[in-house]
Amino acid sequence: MIETKKVKKPVRTISGVTPLTVVLKPKKCNHGTCIYCPGGDNVPQSYTDKSPAIMRALALEFDPYRQVMNRLEVLEKMGHPTDKIELIIIGGTFLQYDINYQYKFVKDCYDALNGKKAKDLNQAKKWNEISKHRCVAMCIENRPDSCSESEINRMLEFGTTRIEIGVQILDDEIYQKVNRGHTVKDVIESTERLKNAGFKLGYHVMPGIPYSNPEKDIEMFKKIFDDNKFRPDQIKIYPCQIVEGSLLSRIYKEINFKSYTQEQARKIVTEMMKIIPEYCRVMRIMREIPKEKITNAIEKLDLRKDIEREFRDSGVKIKEIRMREIGFNKKEGVSDIKLKILEYEASNGKEFFLQFVDLDNVLYGLLRLRIFKDKETGQDKAIIRELHVYGQAFEIGKKGEEKNFTQHSGLGKILLEKAEEITKEQGIKNLLIISGVGVRQYYERLGYELDGPYMNKHF
Ligand code: SF4
């Protein structure tokens, strides 16, 4: 039997993996500064010096090795498992930093997880495959115009599995006025390239961005899911705030800008939540900007809780992933679950979204399989972009015997077998998986072998 442990802040690990955030040293974005961005000098551009993650990083002089070591220690003290880590790199546009800095930063993170210094990144990754603290996923925050083929290859080399890009709104005129420095075309093209490379893809959207309005925000949000050129796997909804230090905080009166009130933001986000399809997960609502740094009306940082409570109380069924995850639903045991497959077109490819759900559509596990035509070879290609079995994270190797512990109940294997079956039906002779370095061994046991940055199985 599994020993049940008391865990402080269990939400942090409820989706099965322990997130560990590492912050980059401050650097300005190449295009300049978006008008709503705090753009500080001594902290990463889009953050303030009062955000907890940034304060921690500042105290450690943004040293990635020390940041990882420090977080591991704290997470362990709080009772969180630290054997399956998702490394989240935040702070700026990582791909625009000096290349040597990028490689060293990632290697230092692996070194800290491994507890020893490797001679290079490859060795560090290799060691991490069997390390006590395995990197099972890695996320980089990025811009749509920093996702060229070579940048994508570099991200794959780092062991990245998830990318978040700032999209904010789909409107070139607004992009220009707020100095985003990229276009909707960049969003469309990077979305396709990132999905074809196998990444799980998240969008950041910003209702209430200057020059928009509630109708336009909702229209844009619908388009994100109606138009198959977009369709992200995850989303963060950050209503625009007037943050101290930003250009917006100096010119908002001049341009006649009013940010949404708390009530307006609540209404819009509620509407947006109803639009999100089953294949998308809402990662966060509201940025974690300390109140003293905000000069406008939305001060409630936990807006999400209120909105979700309303949905649950009123019985409105929301399709997005997080609200359906078993970890966020009180359920006794694992029973009557079935495999459900959703097929949809996205970015010139076909997505198969496989889910294990129960009769209430509560989610126990999912897999994203993408089939698309490889531009170089003209051949159809199949890639698994995500395999995730939900439940409280617990240590690698222990059997899932307690209620709600679905991590090792074999659901992952069944999802994988189904994906292989679909791939074969499409006449494709091999299946690739994007895999965090720390999960490679799991796939090896199931007949996959390392092939460049992917795991691969030939049929
Ligand atoms: S892209 Fe992000 S970090 Fe860069 S200026 Fe814009 S908001 Fe700030």
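The values are calculated or read from the model by the stated rules, or taken from the named source; none is laboratory data. All values reported here derive from a predicted model rather than from experimental measurement. Please note: Cβ atoms are built from the backbone with ideal geometry, for glycine as well, and neighbour counts cover all protein chains shown.
Number of residues in segment 36-91 that are at positive phi and crowded, with 18+ Cβ neighbours inside 10 Å: the value is 3.
Exactly one residue among ASN196, ASN179 is surrounded by fewer than 19 Cβ atoms within 10 Å (Cβ to Cβ) and either more than 25 Å from the chain's Cα centre (by Cα) or at pLDDT 95 or above (or both), and that residue is ASN179. Each residue in segment 153-195 was checked for being within 29 Å of ALA124 (Cα to Cα) and in a strand (DSSP E or B), and 4 pass.
Put simply, of LEU367, LEU354 the only residue that is in contact with an Asp or Glu (Cβ under 7 Å, 6 or more places away or on another chain) and either part of a strand (DSSP E or B) or not assigned by TED's automatic domain parsing to the domain that holds GLU417 (or both) is LEU367.
Screening the candidates GLY208, GLY198 for the property of being within 16 Å of the ligand (Cβ to nearest atom) and either outside any strand (DSSP E or B) or not hydroxyl-bearing (Ser, Thr, Tyr) (or both) yields one hit, GLY208. One residue alone among ILE85, ILE89 is outside any loop (DSSP other than H, G, I, E, B), β-branched (Val, Ile, Thr) and touching a His at 6+ places or on another chain (Cβ under 9 Å), and that residue is ILE85.
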